[in-house]
Amino acid sequence: MRILALIPARGGSKRVPNKNIRELGGKPLINWSIEAVQGIPEIVDILVSTDSPAIADVARAAGALVPWLRPAELSTDTATSIDVCFHALDWYEREKGPVDGLLLLQPTSPFRSRNTIENGIALFRNTGGRTVIGFAPAESHPLWCFHIRNNEIQPFMDWSGVALRSQDLPPAWVISGAFYLADPAIL
């Protein structure tokens, strides 16, 4: 199985400038994602898509492939992750051959474990799954979440869950951001 690890790392964050190369625990933030997948047998390359020469230099020094700087139209506040995936995947498969999976790793999720990624890859391989995504238990149950509509508090689901005790609620999960793994054919 051939999986391309893709790390999108735009340089133009408005809230936290240079966040992808700021130090966390003694190393640049992006290095946590690169190191998490280095040496996993199914990973054929770790490609960093960035518009920043500084991020590119840090990523290359950590062992990632940075074949180009991302085009400006894919580096805006409104550019989508899927468009970045298409751009990187098209280039990679043209230059280095097809892959069976695309593993998206956000640099802003540095606390994922290597074991979590390896388990996700095993699930992808063993089930013939087309998509595997990292999930975590929800801190707030969706039956207890509300929004404002017409100046009134309204539950997102319905009022039936509001009176339930926490131990009576069914398990709820949220996307953790740890990883997204997909068959390129479904993108």
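The values are calculated or read from the model by the stated rules, or taken from the named source; none is laboratory data. Predicted model only: the values in this text are computed from it and were never measured. Glycine also receives a Cβ, built like all others from the backbone with ideal geometry; neighbour counts cover every protein chain displayed.
General remarks:
- Inter-residue pairs, beta-carbon under 6 Å, first free of Cβ contacts under 8 Å to residues at least 40 places away in the same chain and in the range 7-20, second surrounded by 15 or more Cβ atoms within 10 Å (Cβ to Cβ), 6+ apart: S13/K19
- In the range 123-134 there is no residue matching the filter, namely being more than 21 Å from G177 (Cβ to Cβ), in contact (Cβ under 8 Å) with a residue 24 or more places away in the chain and small (G, A, S).
- Residue in the range 28-36 that is among the small types (G, A, S) and surrounded by fewer than 22 Cβ atoms within 10 Å (Cβ to Cβ) present: no
- Residue in the range 12-22 that is assigned by TED's automatic domain parsing to the domain that holds N115, among the hydrophobic types (A, V, I, L, M, F, W, C), over 24 Å from L181 (Cβ atoms) and in a loop (DSSP other than H, G, I, E, B) present: yes
- Members of the range 61-80 found to be within 14 Å of A5 (Cα to Cα) and exposed (fewer than 13 other Cβ atoms within 10 Å of the Cβ), listed by number: G63
- Members of the range 84-110 that are surrounded by 12 or more Cβ atoms within 10 Å (Cβ to Cβ) and over 14 Å from A5 (Cα atoms): T108, S109, P110
- I34 being part of a loop (DSSP other than H, G, I, E, B), within 16 Å of A5 (Cβ to Cβ) and of a type in the set (A, V, I, L, M): no
- Test: I40 is of a type outside the set (G, A, S), under 19 Å from V132 (Cβ atoms) and surrounded by fewer than 18 Cβ atoms within 10 Å (Cβ to Cβ): yes
- Flag for D77 being acidic (D, E), out of contact with any strand residue (DSSP E or B) (no Cβ under 6 Å at 6 or more places or on another chain) and not in a helix (DSSP H, G or I): yes
Residue by residue, here is whether (1) more than 19 Å from the chain's Cα centre (by Cα); (2) among the acidic types (D, E) holds:
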{"site": "N20", "(1), (2)": "no, no"}
{"site": "P28", "(1), (2)": "no, no"}
{"site": "E42", "(1), (2)": "no, yes"}
{"site": "L69", "(1), (2)": "yes, no"}
{"site": "R94", "(1), (2)": "yes, no"}
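Listed here are the residues, each with its yes/no results for (1) among the hydrophobic types (A, V, I, L, M, F, W, C); (2) in contact with a helix residue (DSSP H, G or I) (Cβ under 8 Å, 6 or more places away or on another chain).
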| residue | (1), (2) |
| --- | --- |
| V58 | yes, yes |
| N115 | no, no |
| F135 | yes, no |
| W159 | yes, no |
